[in-house]
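K.L.:
The structure follows.
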Amino acid sequence: MQISLVDLGIQYQNMKSEIDEAIASTLTQTAFIGGQRVVQFEEEFARYLGVDHVISCGNGTDSLEILLEVFGVGVGDEVLVPALSWISTSEVVATRGATPVFVDVDPDTYVMDPAQAEAKITERTKAIIPVHLYGHPADMPTLMDIARQHDLRVIEDCAQAHGATIEGRKIGTWGHAASFSFFPSKNLGCYGDGGAMVVPDEPLADQARMIARHGQKTRHDHRLHGRNSRLDALQAAILSVKLPYLEEWTELRIQHAQRYHELLKDVAEVQLPVTQPDCRHVFHVYVIRSPKRDELKEYLAEHGVQSIVHYPVALPFQACYDDLGLRPEDFPVSYQYQHEVLSLPMYPELTEEAIGQVADAVKQFYAR
Ligand SMILES: *Cc1c(COP(=O)(O)O)cnc(C)c1O
């Protein structure tokens, strides 16, 4: 059997009639931009998170960038970001004309190490963007303490962690603002691009909404220099169909992770994901570590198992940051892990049999 890393097709087939009906009715109503579908999804997602408002936008990258703008981050400022993440997290800092200051990650959970973050704070530091990487919550209680002491804004990057919690409280409700992506393969994904922002402070929330809507307060009244960043009605309709299933899907991801853990825990050469106490890890991806990563990946491919590396080059070592002159010895954990991490197949519809086949292939590789 061929086992792919993710399979969005099974999910669509399982809910085809509901999705097709939502798409067809949106088309019939010809309400493509804005309108009731978008408002409805914003309300539903706000209720899911337990916040007053959600502001939808074009994608997760836009949401991070708009939030930095709302907090006045610009030229001359520094923003702390983890060394291990998808490029969006640091890209948006540079787009604002500010400088990303990379922080190495915790060796067990892969999220930003708060102590190292604090050590990198300077007079120019304005904000921190913690990432709930792979679905594991960043250490928000500690980061918020640090932020309070140094008067910094905290923007949670929740792109990989819809529904994750710390002490039972959802991520996206800990920081001064939060960013979500609905890219198709995220834990809650649409069929194109989509994103959302959470901004508890009402005046700042108004500003974020205006920026995403051409700086408009009301139609033809442009109060500030805005842009166009919208979740379209088709995507909103699709997300409204999917949202009620998110909890069930998340529980399945957690069960799959437990199964992998049971099957692989005795393989001494492989490091399995760790979940901190009090945290709900939502396993956007299931990441293991092995010093023989590349050979293992090849072996798995030969045995019908697709795997992928998140991420083969940590952010400080990307060519676009060459001018910052960052060195591997300054980010030892991220540098080591870029050579060792491997994401195994993970999606809600994955079967027990498939997980067994993946685990067998991993075990066979080490038994050769
Ligand atoms: C996917 C992702 C984003 C941005 O998402 P887009 O919607 O593709 O712009 C941001 N941060 C992280 C960590 C992501 O994984």
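The values are calculated or read from the model by the stated rules, or taken from the named source; none is laboratory data. Quick caveat, the model's predicted, so the values are computed rather than measured. Cβ atoms come from the backbone with ideal geometry, glycine included; neighbour counts cover every protein chain shown. These area figures cover heavy atoms from the full protein model, side chains too; ligands, DNA and RNA do not enter into them. Shrake-Rupley method; radii C 1.70, N 1.55, O 1.52, S 1.80 Å.
K.L.:
Give me the distance in nm between label points sitting 7 Å out from Cα along the Cα-to-Cβ direction at ASP323 and LYS292, one decimal.
P.N.:
4.4 nm
K.L.:
From the backbone phi of segment 325-332, what are the Karplus-calculated ³J(HN,Hα) couplings (6.51 cos²θ - 1.76 cosθ + 1.60, θ = phi - 60°) in whole Hz, Gly and Pro given as x?
P.N.:
x, 7, 10, x, 5, 7, 9, x
K.L.:
Also: Between HIS303 and GLU18, what is the FRET efficiency for a Förster distance of 41 Å, r being their Cβ-Cβ separation, to the nearest 0.05?
P.N.:
In this case the efficiency is close to 0.70.
K.L.:
So which chymotrypsin sites (Phe, Trp or Tyr not before Pro) in segment 18-64 end up in coil per DSSP with only 14 or fewer other C-beta atoms within 10 Å?
P.N.:
Loop-located and lightly packed - PHE32.
K.L.:
Another question, if that's okay. Report the accessible area of HIS162, computed with a 1.4 Å probe over the heavy atoms of all protein chains in place, in Å² rounded to the nearest 10.
P.N.:
Estimated to the nearest 10 Å², HIS162 gives 0 Å².
K.L.:
GluC sites (Glu not before Pro), restricted to segment 264-368: which are DSSP loop and have at most 13 other Cβ atoms within 10 Å?
P.N.:
Sparse-neighbourhood loop GluC sites (Glu not before Pro): GLU269.
K.L.:
Here's a follow-up. Kindly provide the helix-only [θ] at 222 nm of the chain, computed as the sum of -39,500 (n - 2.57) over DSSP H runs of four or more divided by all residues, to the nearest 500 deg cm²/dmol?
P.N.:
-12000 deg cm²/dmol
K.L.:
Right, another one. Sorted by packing (mean other beta-carbon atoms within 10 Å per residue), highest first, where do 7-18, 128-139 land?
P.N.:
Final packing ranking: 128-139, 7-18.
K.L.:
Determine the shape class of the chain: with a ≥ b ≥ c the square roots of the Cα gyration tensor eigenvalues, call it rounded for a/c under 1.5, and otherwise prolate if a/b is greater than b/c, oblate otherwise.
P.N.:
The shape class here is oblate.
K.L.:
In addition: In the chain, if the dipole is taken from +1 on Lys/Arg beta carbons and -1 on Asp/Glu beta carbons about the Cα centre, which of VAL270, TYR335, LEU234 is farthest to the positive end?
P.N.:
Going by the Cα projections, it comes out as LEU234.
K.L.:
Okay, moving on. Determine the distance separating the Cα centre of segment 1-28 from the Cα centre of segment 60-129; give it in Å without decimals.
P.N.:
One Cα centre to the other: 35 Å.
K.L.:
Cα centroids of segment 239-258 and segment 260-332: how far apart, whole angstrom?
P.N.:
After rounding, the separation between the Cα centres reads 23 Å.
K.L.:
Just in segment 103-169: which trypsin sites (Lys or Arg not before Pro) are loop by DSSP and have at most 13 other Cβ atoms within 10 Å?
P.N.:
Counting only loop positions with at most 13 other Cβ atoms within 10 Å, the trypsin sites (Lys or Arg not before Pro) in segment 103-169 are ARG124.
K.L.:
Using alpha-carbon pairs under 8 Å, 6+ residues apart, how would you state the relative contact order of the chain in percent?
P.N.:
Over the chain, the number comes to 22 percent.
K.L.:
Under a crude label model (7 Å from the Cα following the beta-carbon direction), how far is LEU27 from GLU251 in nanometres?
P.N.:
Computed distance between label sites LEU27 and GLU251 equals 3.4 nm.
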